[in-house]
Amino acid sequence: MRKNQKRNKQTARLTYSLTRKMALAFLLMFGLWGGAIQAEEQINNIQQNTQNLLGDVEQIAGPEGVAGAFVGVHNNALILAGGSAFPEGKPWEGGQKYFSDAVLVFERDVDGQIQQVQHAQLPDAIAEGASVMLPEGLLCLGGQTPSGISKQVVLVSWINNQIQLKQLPELPVAVKNAAATVIGNTVYVVGGESAMGASNQFLKLDASNWSAGWQTLNAFPKPVTGASAVAQMDGEEVSVFVFGGRAKAAGANTTQFYAQVYCYRPSAGAWKQLRDIRLSDGHSIPLAVAAASPVGASHVILVGGDSGSTFNQVEAAINRMQNGDDQARATRDSLWINHTGFNSKILIYNTVTDVWFNAGAWEGTPVAVSTSVWWDGSLLVPGGEIKPAIRTPMLQEFRFSVKPVFGWLNYLVLGVYFIGMLLLGFYFMKRENSTDDFFKAGGRIPWWAAGISIFATTLSAITFIAIPAKSYATDWRMFMFNLAIIAIAPIIIRYFLPFFRRFNFDTAYQYLEARFNRSVRWLASALFVFFMVSRIAIVLFLPSLALNAVTGFNIYLAITVMGVVTIIYCTSGGMEAVVWGDVIQGFILVGGAFIALAFMLAGVQGGLGGFIDITAEHHKFHTFDFRFDFTQPVFWVVVIGGLANTLISYTSDQSVVQRYMTTKDEKATAKSIWLNGFLSIPVSIIFFLLGTGLYAYYTSNPEHMAVVNPNIDSVFPQFIVAQMPAGIAGLLIAAIFAAAMSTLSSNINSVSAVITSDFYKVLAKKITVHRNMAVARWSGIIVGVLGIMMALMLATWNIASLWDQFNTFLGLLTGGLGALFVMGVFFPRISGYAALGGVVGGFIVLLIVQNHSALSFLLYGFVSMVVTVIVALLLSLAMPNKKNTAGYTWQSRQGRA
């Protein structure tokens, strides 16, 4: 023992010396990194470039280009098909409209310039149709041909450097100027002009099953043509947003142009009217034949389009011509020739806050009757109409960017935080003389510190980032989920804690061997290790992704630095470093949340009163939804799911159960569990208020949000970096890292405990303190490295809401694990083999539920637990328990008492 102690002290001195050198390196790295960033942040910076795309293309008539073409991107090539022009004279000159049948394909050259690479022909010359992009190609819907309005649907693909055309099920009614968009595999078509005038039809087509044809949905609220449709996240799900448009009522002399915006949520199956298209001064602006595209996670950009003022004057002149007014023709022609142009404002709409802002002006001449499409990070608007009957051959390219500024002071704060965590690990390293010290801190942790540590472990970066993002995007319906610990705490203390404390198990899964058999213990341990490695990856990935989006941190560097620092301090200092690190990180988390909330409220127009007005108007504090809809986060779903998931975490999660062993006795552990529960109430309120505060702030200041944010989870970090003073922003970003690292350190230490105690100690023939400690440390290092590698792989994935993804994952993997402890404690008749069968059966049923039902992911843990217990009980009829379980079930302990 003394030899081991001496060896550990020598290692501690050596590593402390190395840490001082690492500290200087960290300070230098963060200082240089911060100094390289510009001194002034620019949000929503727009660069516009212009290129002559169609002026020299031989396949279309004339040098002007076309308007009303089908536009899309497939296999990294820009496709432009059809379109119309007046190459032989304008209407006032007696010219006729020309329709193109050309399919043009463009690619970027090495200099980034767009060049035509191939062309083909459509079945018909056509223009003014709708188009959407699918994985299979560009879907072209309807349009105007020389012989009339069309209902044809053609798929244009670019495969192996060849253009391919495919005819698909026709539209039910021939239309032109319809609006179309796509969600997943479902294509939606809204309105359009038919032979009978403007239509209010609303259709959908399953692109994965063409033969099913078109389905008619709830009609659009009004007849419309020339509207713009976009699919974008509304906070809860991807919905269809329809902007503006126009229509001429039966018997009317003039066309009405719309400013209205409507949203169709597929889960609700109904249309909802939203805020009108607005300018920065708050006035509504009607727009038709504008180009609209989704941008980032929750914005829509609207460019060009016709407000209708000159259009209506031309209509009036034509009406007078029809009534014999000889001067009306000259008036009409003058209006066409002297047209003042189309909408020049670049309008941005936030689909979560339902607020508009003006992001600048179109450089040059704006267009109408064109389509916008994203390609290589740029928004492209090819061709279009710049005045009545006058086309443009120019391609307009818009590139949005945010130039983040973090600064040397913020990086210094981050550097100090990371170095502090490293020093903490090496400080406690000299006290880790056995695995009991390494995994249980020798029982030296005060109950209040253990309670804060449990709280900080469950309060991960998923809480710090995703909960504010969730309440920003939706409301408070998930609030009750976080309070389930208050109801579960007495159950844990009374029924489960005695088995963990009084038998002094090394891990929670050692109980399962005592109650069932070794196979059950190893299954539970293996499931836990697999889940924890995956969880480490998610917890590393989430803050790194969000910080990359808003600060410019290299996502791979952020994952690596955070992971490496956590591995070093938690494998050096063991459970004591983990717990006391959690205490420090917990204070940073909560303190940072209070500071951020204060800045948010100060930035809301009208202060606290404005905050109350905005959130009340939009029902942002809506908490209790008593509908019996188990596909949505209604009250019943949230409460049942919260109770089940909390029971699973506090009984079968070694990273939590391990805290039960760090205090001096069972009474102290019970107090730590209660403290954790009571801390959850005010802290949950704070984090939900952060999201509500973000909603109020960005409703008051829509231009302050970066529209290119790739996911809603970035909303809180973006506020921190863009709106908080230097130093304080660094502290809050450190809080995000702290949130992740408090969870990571617990996960790494708990997985190390499971590998060492549940596998190594059981399988090894010769066990020594030195070998145990070596396995403990190296297993933690290996698991941490695996988590880092998985996180680096996740860095290329696009996940809309990591909160949802994480809870889905939690329910799938850990429901059966929690059920094992419930069966062990409360069902003495269930044998080990029946328990194993129950876990397998529960997992199969849960997979079926996930893939073939719309049940909310919040209920996966509950379903898994209930099904697992039921299947195990049924199997126990054939495989009854013959093992003596005296003292290992609640009933037997009651009998002994």
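Where a number appears in this text, it was derived from the coordinates with a stated rule and is not lab data. Please read all numbers here as calculations on a predicted model, not as lab measurements. Glycine gets a Cβ as well: all are built from the backbone with ideal geometry, and neighbour counts include every protein chain shown.
Each residue of the stretch 346-358 is assigned a 3J(HN,Hα), and the resulting list reads 8, 9, 10, 10, 9, 6, 8, 8, 6, 10, 9, 8, 8 Hz, derived from the Karplus form 6.51 cos²θ - 1.76 cosθ + 1.60 (θ = phi - 60°), x at Gly and Pro. In terms of surrounding Cβ atoms within a 10 Å radius of their Cβ, Tyr417, Tyr427, Tyr349 rank from fewest to most as Tyr427, Tyr417, Tyr349. Its alpha carbons give the stretch 584-712 an Rg and a Dmax of 18.9, 55 Å. Panel order for His74, His704, His619, by other beta carbons found within 10 Å of each beta carbon, from fewest to most: His619, His704, His74.
Under a 5 Å amide H cut-off, with hydrogens placed 1.01 Å from N, Gly727 pairs with Asn410 among residues at least 5 apart or on other chains. For the stretch 72-201, relative contact order (Cα pairs under 8 Å, six or more residues apart, normalised by length) works out to 18 percent. The length gained on full extension between Asn319 and Trp210, counted as 0.36 nm times the residue separation minus their Cα-Cα distance, comes to 34.8 nm.
Overall, the ratio between the Cα radius of gyration of the chain and 2.2 N^0.38 Å, rounded to two decimals, is 1.09. Across the chain, Cα pairs under 8 Å and at least six residues apart give a relative contact order of 13 percent. Per-peptide packing, taken as the mean over residues of other Cβ atoms within 10 Å, places 839-851, 750-762, 335-347, 375-387 in the sequence 750-762, 375-387, 335-347, 839-851 from highest down. Scalar couplings 3J(HN,Hα) for the stretch 521-534, obtained by applying the Karplus form with A = 6.51, B = -1.76, C = 1.60 to θ = phi - 60°, are 4, 5, 4, 4, 5, 5, 4, 5, 4, 4, 4, 5, 4, 5 Hz; x denotes Gly and Pro.
A Förster radius of 56 Å combined with the Cβ-Cβ distance from Ala526 to Phe594 puts the calculated FRET efficiency at roughly 0.85.
Give me the dipole magnitude in Debye, nearest 20, for the chain about the Cα centre, with unit charges on the beta carbon: positive for Lys and Arg, negative for Asp and Glu. Please report the intermediate quantities before stating the final value.
Values: 59 positive and 51 negative charges, 1142 e Å.
Computed about the Cα centre, the dipole is about 5480 debye.
Per residue of the chain, the DSSP helices (runs of n ≥ 4 H) give a summed -39500 (n - 2.57) that works out to -15500 deg cm²/dmol at 222 nm. Dividing the radius of gyration of the alpha carbons in the stretch 570-617 by their Kirkwood radius gives 1.36 for Rg/Rh. The translational diffusion coefficient of the stretch 251-302, from Stokes-Einstein at 10 °C and 1.306 mPa s with a Kirkwood hydrodynamic radius over alpha carbon pairs, comes to 120 µm²/s. Around the amide H of Asn881, modelled in the peptide plane, lie the amide H atoms of Ser831, all under 5 Å away and 5 or more residues distant in sequence or on another chain.
Backbone amide hydrogens, once placed in the peptide plane, bring Gly83 within less than 5 Å of Phe70, Ser100, Ile126, Ala127, Glu128, excluding anything fewer than 5 places away on its chain.
Would you mind getting me the FRET efficiency between Asp111 and Glu237? Use the beta-carbon distance for r and R0 = 60 Å, nearest 0.05. Efficiency, from the Cβ-Cβ distance: 0.90.
Once you order the gyration tensor axes a ≥ b ≥ c over the Cα atoms, which shape class does the stretch 689-735 get: rounded for a/c under 1.5, otherwise prolate or oblate by comparing a/b with b/c?
Because a/c hits 1.5 or more and a/b exceeds b/c, the stretch 689-735 counts as prolate.
Seen from every direction in turn and averaged, the convex hull around the alpha carbons of the stretch 515-567 projects onto 4.5 nm².
Note on Ile844/Ala249: beta-carbon distance plugged into 1/(1 + (r/R0)^6) with R0 of 56 Å gives a FRET efficiency of 0.45. Each Lys and Arg contributes +1 and each Asp and Glu -1, all at the Cβ; summed about the Cα centre of the stretch 658-723, the dipole is approximately 360 debye.
From the largest down, the stretch 161-267 spans 47, 35, 29 angstrom on the principal axes of its Cα atoms. Each residue, Ile870 and Asp376, gets one label point 7 Å from its Cα in the Cβ direction; the gap between the two is 5.7 nm. With a cut-off of 13 Å on the backbone N, the residues of the stretch 649-689 near the modelled label site 7 Å out from Arg502 along Cα-Cβ are 666-667. Taking other C-beta atoms within 10 Å as the exposure proxy, Met532, Met741 rank Met532, Met741 from fewest upward. For the stretch 225-230, backbone phi angles converted through the Karplus equation (6.51, -1.76, 1.60; θ = phi - 60°) give residue-by-residue couplings of 9, x, 7, 10, 10, 9 Hz, Gly and Pro being listed as x.
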